[in-house]
Amino acid sequence: MSEEQETITISVAVAGEAEAEEVREALRGEEGLPATQLLIGSTEFTGPTLVVGTLAAEIDDDSLAEADRDFLPVPFAAAELRRRLRVLETRTRRLYAAADNERELGIIVRQIADAINVGVMFYDTDRRPRMHNRAVEEILELAGFDMATGQSTNIYSPDRYTPVKRDKNIITETLEGDGRGLIYWLGDPEEGPQRAVISEAHSIRREDGELLGSAIITYDVTDLATEIEMREGYLESISHELRTPLTAAIGYLDLIADGFDVENSGFAHEFEIIEHNVLYMSSLVNEFATLSKNGITLTVKPAEMRSLLMQSLDALRPAAEKARLTLVTSVPDDPVAARVDASRVTQVIDNLVSNAIKYTPSGGTVTVSLDQDGDDAVLRVADTGQGIAENEMARIFDRFFRSESARRMAARGVGIGLTIAKTIVDGHHGTISVQSRLGHGSTFTVRLPLRPKDAPLSEITDRL
Ligand code: ADP
């Protein structure tokens, strides 16, 4: 035992003065326990205690911690007493050291929690607040959170102005897992800078799995949300600005086509190219406008999937022929009745099939099939084209994503068709997935609930 060690106190509980004297006698001249102060015969048996002999029965079990208790029957040998005391001392020092570590760790965690820009609140299993860090105080103040009612006055939707959750207890809601991953703006828009946050709850468990409570983590995502806003605003103003001249151009092209015999004018080919490009620009502008909005509104009505598909394919067949591709179709014999937004579903089909045509070299095959699987329609568009590299698969539905090979071959497109397709499919509560092998081809699969018996759903809105 080193000199620097702190003196610790060990009580020796004895029955009376006679036994106390025996203990003193046994320890007389004993230099082996320099760091230990002995409370012999003391009644303060709260710390580490060696119980000597007869007293054992009288000691209240609860008053001594299990780890601190030791018992030495009488009569005892002096050497045994000393040995027991040493064991007790070592054991106690170990316990104290562990407690010190724990305390230190607490201080470290506390200071780190206060230093970070992430709100952390901990609630026990009875939903009582047990701790929070400094960032939480700022967040709750900005949100206009009222401790007494649990309600907040200054929480806004992603548009920054529409108040939300005024009559909700946001803490209870978050603990129950609602609103996970959604961005909210905090702070009155008229009164200074707002901040964007995302909150989520995590269960905190002991190592053996027992639940200790839940932590609400609130991330400040103001910079990210501002970036998104700017990008969206940029898209919106570009599409708005381009729309007017394009509408005028399309109008004048129509006028020319109506008033002149373009076919025999000698510039029929040039006219067709201009018309084709203007229409392409117009469809791009429409797609940008869709992307820049907060969501997409679907108007769901009864429709027939087989004829939707056949109409799309009729329109795309010339492009497939021009690209020298074989277009194979397989549809069920019977109609497939569904409740969908027909024009949006057509947009999905058009996008998948025209991609298959665009990314398949001449001589290849594009196979489009429709099947009914229970209450779902399953649409597959398979091609024998360039395929998608494995490391690019995860990003294929991201906005503006274009594969390296698509960029290299300078294929026309800006990488938003699949994003819009996925939004439309998600809005119908369906799924879209892709399987692909680089250099061998890709298969896109769309599964759409047919909802044959549902009451008509007039509108489904989903965020892009
Ligand atoms: P765009 O075709 O306008 O670039 P999309 O959003 O429709 O945009 O597609 C995104 C990207 O996914 C494309 O740039 C291309 O890299 C890849 N892709 C889509 N469909 C296919 C396909 N059938 N075969 C290979 N790559 C594809």
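When the GluC sites (Glu not before Pro) in segment 284-341 are filtered for DSSP coil states and for at most 14 other beta-carbon atoms within 10 Å of their beta-carbon, no site remains.
Working from the pairwise distances between different alpha carbons, so that the mean of 1/r is found and then inverted, what is segment 277-338's Kirkwood radius in Å? Intermediate results must be reported in sequence, preceding the final value.
On the way: mean 1/r = 0.0680 Å⁻¹.
That comes to 14.7 Å for segment 277-338.
Directionally averaged projected area (segment 138-227, Cα convex hull): 6.6 nm². Calculation over all alpha carbon pairs of segment 70-127 in 10 angstrom steps from 0 returns a P(r) of 17, 24, 21, 16, 14, 7, 1 percent. Between helix 268-292 and the chain, what is the angle of the helix's C-alpha long axis to the longest principal axis, kept within 0 to 90° and rounded to the nearest 10? The angle comes out near 20 degrees. Across segment 77-230, Cα-Cα pairs farther apart than 25 Å form 44% of the total. Shown here is the pair-distance distribution of segment 331-402: with all Cα-Cα distances grouped in 10 Å bins from zero up to the longest one, the shares run 16, 42, 32, 10 percent.
Computed from Cα atoms alone, the Kirkwood hydrodynamic radius reported for segment 233-342 is 17.4 Å.
Against the compact-protein benchmark of 2.2 N^0.38 Å, the Cα-based radius of gyration of segment 187-279 scales to 2.28.
Rg/Rh for the chain (Cα atoms only, Rh after Kirkwood) is 1.27. The C-alpha atoms of the chain define a longest principal axis, and helix 342-358 lies at about 80 degrees to it. Counting only alpha carbon atoms, the long axis of helix 417-427 and the longest principal axis of the chain meet at about 70°.
Its DSSP H runs of at least 4 residues, each contributing -39,500 (n - 2.57), put the calculated 222 nm mean residue ellipticity of the chain at -13000 deg cm²/dmol, to the nearest 500. On a per residue basis, the convex hull of the C-alpha atoms belonging to segment 392-452 measures out at 88 Å³. Here the scattering of segment 295-371 is modelled by Debye summation over its C-alpha atoms, one equal scatterer each and no solvent; at q = 0.12, 0.27 Å⁻¹ the log10 of I(q)/I(0) is -0.36, -1.25.
Using Stokes-Einstein with the Kirkwood hydrodynamic radius over Cα pairs, what translational diffusion coefficient do you get for segment 279-418 at 4 °C and a viscosity of 1.567 mPa s, in µm²/s rounded to a whole number?
Estimated via Stokes-Einstein, D reaches 79 µm²/s.
Taking other Cβ atoms within 10 Å as a rough exposure proxy, Met310, Met305 sort from fewest to most as Met310, Met305.
No value in this document is a laboratory result; all are computed from the given coordinates. Predicted, not measured: the structure shown is a model, and the values here were computed from it. Every residue, glycine among them, receives a Cβ derived from its backbone with ideal geometry; neighbour counts consider all protein chains shown.
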